[in-house]
1. Ranked highest first by the average count of other Cβ atoms within 10 Å around their residues, in what order do 257-264, 462-469, 218-225 fall?
2. At 0.36 nm per residue, and after removing the present C-alpha to C-alpha distance, how many nm does the segment from Arg481 to Ala708 gain when stretched out fully?
3. Taking the Cβ-Cβ separation of Arg814 and Gln497 as r and a Förster radius of 60 Å, what is the calculated FRET efficiency to the nearest 0.05?
4. What nm value, rounded to one decimal, do you get for the distance between Val405 and Tyr728 when each label is placed 7 Å out toward the C-beta?
5. Calculated FRET efficiency, Arg562 and Ala144, Cβ-Cβ r, R0 35 Å, to nearest 0.05?
6. Provide the FRET efficiency to the nearest 0.05 for the Ser510-Thr445 pair, computing r from the beta carbons and using R0 = 22 Å.
7. If you put +1 on each Lys and Arg Cβ and -1 on each Asp and Glu Cβ, how big is the dipole of region 553-632 around its Cα centre, in Debye rounded to 20?
8. Within 10 Å, count the other beta carbons around each residue, average over each peptide in 316-328, 568-580, and list them highest first.
Amino acid sequence: MRLKARSFIVLASSALACSVLARPAQADSSQRLRAPVAPLALQPAVATGSVAPKGPEQGPQAGITGQVQDALGRPLAGARVDAELPGAKRVASALAGSDGRFEFDKLAPGTYAVVARKKGFTPAVEIATVKRDSVFHARLVLQAKGALNYHISARLLEPARTAVSARSGGSVYSFGRKAISHLPQGTAAPVSQVLLQAPGVVQERYGRIHVRGDHGDVQYRINGLILPSGLTGLNNALDTRFVGRMALLDGSLPAEYGLRTAGVVDMHTKSIVKNGGRLDVYGGSHGDVEPSLEVAGTQGAASAYLSGSYVQNALGWNPPAPVEDPLHDETHLGKGFGYFSDLVNPTTRASLILGASAQQIQVPDIPGKTPGYQLAGSSTASEAAAYPSANLNELISPSNYFGLVAVQQATERGKWQADLFGRMNTLDYHPDPIGDLIYNGVASTVSQNSQNGGFQADGTYRPNPAHAIRAGAYLSLQGTRTSNDAVVFPADAAGNQTSDATESIQDNTSAAAQWYSLYVQDSWKALHALTVNYGLRYDAITGFDVTNQLSPRVGLVYGVARGTTLHAGYARYFVPPSTEQIGSGSFAKFENTTNATPTQTNTQVLPERDNYFDAGIGQRLLKKALSLGLDGYYKDQSDVLDGGQFGNSLLNTEFNYARGVTYGAELSASYSRKRLSTYANLAYSHAMANGVATGQYNFSAADLQYVANNWVYLDRDQEFTASLGASYRVLGTVLSLDSLFGSGLRYGEMKGPNNFASFPPYEQVNLGASHAFDAPGFGKFGVRLAVLNVLDDLYPIKVNGAIGVGEPAYAPGRSYYVGVDKKF
């Protein structure tokens, strides 16, 4: 086949050359064809675009220069280029250099067929007519024998974002596609469960996470694009199936990263290597059924990826009690994701990202509760019999929709990227009209609608090899509307019910905010082994508040020895509150009712401001198979953001402590060699605060007095956190294990010695096995088995009495799952 292809190219070259020669010739054309030519030799390629002028003593000469590229405009180093005369007579050869360039000089004037060849590509031919004392410039484009796909185009433009997203001075923990697929649940694992394998990440209720003792404050990116702020329950809204690789960045981050800085979850879509897809059915304990479908395709330089999944189980929220099967806890969740990309030209890519999720969750019930309030014409005993707490029917329905359209360009000296983004999310709460009244004293129908739109641009310019200057801008316009139709009882100043007759209160609120950001930074290679990343960031917010901050950043990375790297950094952070969680209700409307707030004071919530210090060391050993890391951090905080569900409030509310301190250390290790891959992480953390600066209405006067004079541990603090895992391939089967350990989250209470207490230590062990089969008539398919919480440890995550906790939450018990997937 190769011989036939070569013969075809030679014949085509000869035919083209002859057609040119058949044109009317000038008087001296025959002389040119008979002129002596350079002897056949494999010459080293020269990365130049011209031939030096000949001296007066030289005879008539001509030259050919050019570049060999693939269809996406990438240089093809090592391609063989031949200059041939009619009849396939080769007169000169060269190998393309690292930049794809080649040069033939000392050629006789005439007409040549320039043929480029490289394994895996279809040869390319260009007819070159060169004249005396001139140079012909050729551009040879080789088409890949396989289909052009996203993987190829991504390799051209992906470094652009890597160059803009400098990571100097901070910590990076990466998960490749293989590492994700080798988790016990594989790609069925939620994003939050993947992130729990990184050091310093602590689990919360409903799939939420804390990074290094911080309150949420996590930024998510897909292919370098910032996802719009305010997506509700983002860990559930995003599907791990589309992820090709994922990294968690934390510590002292460069100026590029702002607003949400506890951690940056940087996700990249997986490569599209061919047209096809994957059908997966996964499910097991708690009535879990999770079908999913992925479809991908390419057409020329354009590619598309679509995925959709549906989840149904009886474990939507963490159980409110240590039970195997919680009551009234069914959930339905649908998710969709789309990524579309096209190369406008060899250096410019346009892309579109779309995402959607819609969920309906039953609020789990706690049996045996005693009614706290009395309805007209009934007694507490009769109400308990008629409306047992195990039969309450409350529903929460969150939904998220987001989209981004982006353009990215990579040039010789720089790269830039710009995108427009938008999102809309809703959150509806449907109460049990009778049950909520007699058990909670209020039945509220709540609906929240939030939008966010804006613009982002980043770019990098390399004036010389020692500097990479980056700059960017960000604009976000946000708005939230909340309606609350509440039914309550009258009450006295102490909150005691004074009548069994109800009254209705309509409380509609809104909040708006605008976020503006600018940054500039330079990655300076000061020495061969030392890189300094320094920059300045400006952030401002308007709307519910008007304030700003100028934030310096500096980070250093120093390679002290082969395989050993030190890093250190300082970052000033500015963290605005979430617009969706700004408490702006009309407290006076609920005064003297069973839904009254403990106090009426409500200072407007403020942005948090931090001074963050970070330093660490990394070591690569055993031919880079073993990686070790040690990192320490200290954060001095003012106006510390925190939040939670307070009392009968159905939406999370943020507030500020006056001052806070967070510090800790992390130790990480990973080893990967052939069939075996292992990792282990250990983290130590302390997060404390004092003084309630805003949102005082959430607390009683006694609590406000206590926290004003005492440091309290934040309920997101866990002193020791550890994770470890391993996977091993044997006889085509991947065996996997991961485990989480924690000393227990703090109670976070504001009184007495209990403030320093924490939940009991816990350990969760998960096991998995996966194998690919090849059945006659059916083809290849995969099977996965997983057992979660093997030790059946029903450990508590939250309990009543902690700061901002309405209901307790426990970890699910031992669960069994099986999955079958088929590629097509």
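1. Working: 257-264: 24.5, 462-469: 13.4, 218-225: 20.9.
Those peptides, ordered most packed to least, come out 257-264, 218-225, 462-469.
2. Numbers: separation 227, 0.36 × 227 = 81.72 nm, distance 3.27 nm.
Here the segment from Arg481 to Ala708 would lengthen by 78.4 nm.
3. Values: r = 43 Å, r/R0 = 0.71.
Using R0 = 60 Å, I get an efficiency of 0.90.
4. Those two pseudo-labels are separated by 5.3 nm.
5. On the way: r = 37 Å, r/R0 = 1.06.
Working from the Cβ atoms, E equals 0.40.
6. Using R0 = 22 Å, I get an efficiency of 0.80.
7. 620
8. Working: 316-328: 18.5, 568-580: 23.4.
Output ranking for 316-328, 568-580: 568-580, 316-328.
The values are calculated or read from the model by the stated rules, or taken from the named source; none is laboratory data. Because the structure is a prediction, the values reported are computed rather than measured. Please note: Cβ atoms are built from the backbone with ideal geometry, for glycine as well, and neighbour counts cover all protein chains shown. Side chains included, ligands, DNA and RNA excluded: accessible areas come from the protein's heavy atoms. Shrake-Rupley method; radii C 1.70, N 1.55, O 1.52, S 1.80 Å.
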